[in-house]
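Engineer: Structure below; questions to follow.
Quick note: the coordinates plus some simple rules give every number you see, no bench work behind them. What you see is a predicted model; the values in this text were computed from it and never measured. Cβ: placed from backbone, ideal geometry, glycine included. Neighbour counts: every protein chain shown.
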Amino acid sequence: MNRQNMHNFSVTENGTEREMRNTAYSLVFGCVLTLGLPLNAVSLWIFLRSHSLSSPSVVYMVNLVISDLLLVMSLPMRVYFYATGTWPLGKMACVWITMTFHNNIRSSSIFITFICVDRLLAVVYPLRSRQLRTPSKAWKAAVVIWLFVLVVNIPESVYFSRYLNQSKEYTCFEFVHPLTSPLAYLQPVLVLTMFTVNVVCTILMSTTLRRRLSESAMVSNKVNVMLIFLLNLIMFTVFFLPASVAVFFESWRNYVPPLLCLASVNCCLDPLLYYFSFDGFWKKRDVDTSA
């Protein structure tokens, strides 16, 4: 791939359609950047200032904020790319910014699921789960999650680099694994698995809240409790699943870029999860036992 193709995005596709599409992408990514950066920066500041990291849920949420901030910090170059049609940084920068985007979907889906499971254990099994739900174990789980995400990046980066070298036109943020690659199935299987866990947790929580709760896990606002779980399901069905499973359908593969654009909006909604989780509806006794 010569340098002209490397830096020039406007090639064979209909110019008007590409321009309209790229304008829409740049506007969406720009809005996500404008909203997501302050929302997540403030969320991180509140967590570190007002909530001690003595709860496993807080540990997972802090890591979720970090994942969203990494995504948001990569968006300026996406906005520049789609707004100008040029890429000034070279192939490796394109590879790593793309990996950052994929990492957000994977890490967010896992951390959201861990938050869901932790809240379920806090209500359904408050005493039996006390030894499992500790900050130290939550931090160990977070480290394992990040290592898993980064290890997956190694073969992906190699594969993506080869794709860029062989491509006749430069499509930095429109790379899709062919179905012949095992890597194409990793993210869909991961997201579907996490979604299934969230569905099961939501059903169990709903069933538990309809029965009499034990004295060890008092919840003063059942509506807000269920909102956490329903918000998690919305995150998966609207943002994570469409962008992940689209690779399975040949007719959907052209829609992967707009679906990834939609998926970026999740980082603006995650602060709602933090708000409902710490809006005073968990009794202090439950928070203390989680430590």
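Engineer: Where does each of Val143, Val199, Val95 land when they are ranked from fewest to most other beta-carbon atoms within 10 angstrom? Show your work: numbers first, answer last.
Structural biologist: Details: Val143 11, Val199 16, Val95 21.
The fewest-first ordering by Cβ neighbours comes to Val143, Val199, Val95.
Engineer: Given R₀ = 41 Å, what would the calculated FRET efficiency be for Arg130 paired with Glu19, taking r from the Cβ atoms and rounding to 0.05? Mind dumping the intermediate values first?
Structural biologist: Working: r = 58 Å, r/R0 = 1.41.
Approximately 0.10, to the nearest 0.05.
Engineer: Fewest to most neighbouring Cβ within 10 Å: what's the order for His51, His102? Present the calculation step by step, with values, prior to reporting the outcome.
Structural biologist: Values: His51 17, His102 22.
With the fewest neighbours first, His51, His102 line up as His51, His102.
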